[in-house]
Amino acid sequence: MVVVVGKPETAESVRELNFRHEFEIGEIHERSVSTIQHQLEQDAEHITHLVYDIRAIGNVDASLALLGRICTTIPGITGKTIVVTEGIAGSSSFMRDVCEMYPKEQIVQSHGAELKRVLNAMLCADGIIRTEPEPQKVTAADPVPDPQEPPPSPPIPVEVTPPSQVGREAAQAQLVLPKPKIERSATCIAVAGAGHRIGTTTQAMQICLYVKALGYKAAIIEMAASALTGYTQISDDAVLFDEHHFRVEGTDVYNDRTCILDAKSQYDYLILDYGCFAELTEPADYLRNDILVAVCGAKPSEVELAADVLRVDNGTIHYIFSFVPQRDRPDVLASMEQYGERTYFAGWTPDYFLYSGNDELYGKITGQIKPKSKAVQKKSHKWPWRKK
């Protein structure tokens, strides 16, 4: 079903394209964002293509937010959506934001002929409507050779040098190598705790949320063999993709360390939760990652546990102390001695999946990475066709 969200004239163009009645058309002429969202998500399994006219809603920020939501809640709809931006200047900030969400060939400036052309090509490619058969070309009969014309001259033979007689430099000059395929390789941030229940998983989640806040794709992978996935017990908002991959509160989590091979090509950053450092069967596996983080505590028993991590410190491990009052922090820094420049303190994080906002701490740990892109949603858009 092709669903049209917009004004009646936009739906009329789609109906004119459907003169053979080859597909079903659904029309939504509401102006309420919540109503449009509810109708789209309710009929998601029946929607094959979507025509979205930005004039349907009188608020640009709401239009962008709705487009971003349905791209997530309706799987596969992004590549089947046509956005009608009639009346919007091509150089406006709104158009730049829309182009970040959809390819340019799916964005049309007119609800008339241009919309029909793009939708027709999309439906033909998906086999929903049939294309007009091409007229058969009439080929002329082979000409009869003139007996008075001389016969054509034989082709000139081309000399081919045997491979054994080609020099190495000449062969390398003629060799055309294929361009290497550039694949994404995620930066791995390893997080281990000096002991149990010391805030290791909390810090792993905070680092992941910090990286995502900068516009990068990030996920958490549980590396401990004995780790129990407690994320689904903390939040009811869990989306299961398979037995090893699920999404909780918008964050991707893998509970199997073997998933790291495939995940490296899908994300920019992977936060590896190793659990308790003393229980690692191969500490070298933890040490070979790009960024190393150890979560410690200030209690006497917890300080003794941190000695196992300090013993293998290669000069790059960052130490985060959790639950340390402000008055005790100078004593902790003094006890860390030469590791004090890489020692930080994390405040209390009551909400497991809510970023604490401590950019200074996590920026130092990750090397002050720069934001990848600005947020798509902005507050300064204005409808260009409105008169003041």
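Residues that are surrounded by 20 or more Cβ atoms within 10 Å (Cβ to Cβ) and at pLDDT 85 or above within segment 108-134 comprise VAL108, LEU115, LEU119, MET122, LEU123, listed in sequence order.
Just a yes or no: is a residue in segment 333-349 buried (at least 17 other Cβ atoms within 10 Å of the Cβ), in the same structural domain as MET205 (by TED's automatic domain parsing) and touching a Lys or Arg at 6+ places or on another chain (Cβ under 6 Å)? Looking through segment 333-349, at least one residue is buried (at least 17 other Cβ atoms within 10 Å of the Cβ), in the same structural domain as MET205 (by TED's automatic domain parsing) and touching a Lys or Arg at 6+ places or on another chain (Cβ under 6 Å). Are any of the residues in segment 296-304 over 38 Å from the mean Cα position of the chain (by Cα), surrounded by 15 or more Cβ atoms within 10 Å (Cβ to Cβ) and not hydrophobic (A, V, I, L, M, F, W, C)? Within segment 296-304 (the criterion being over 38 Å from the mean Cα position of the chain (by Cα), surrounded by 15 or more Cβ atoms within 10 Å (Cβ to Cβ) and not hydrophobic (A, V, I, L, M, F, W, C)), the answer is yes, since at least one residue qualifies.
Counted as qualifying within segment 1-96 are the helices (runs of 4 or more DSSP H) with 1 or more residues that are touching a Ser or Thr at 6+ places or on another chain (Cβ under 6 Å) and surrounded by 15 or more Cβ atoms within 10 Å (Cβ to Cβ), namely 60-73. Counted as qualifying within segment 271-317 are the helices (runs of 4 or more DSSP H) with 3 or more residues that are over 17 Å from GLY340 (Cα atoms), namely 283-287, 300-305.
The values are calculated or read from the model by the stated rules, or taken from the named source; none is laboratory data. Note that the structure is a prediction, hence the values are computed from the model and not measured. Methodologically, a virtual Cβ is constructed for each residue, glycine included, from the backbone with ideal geometry; neighbour enumeration extends over all protein chains shown.
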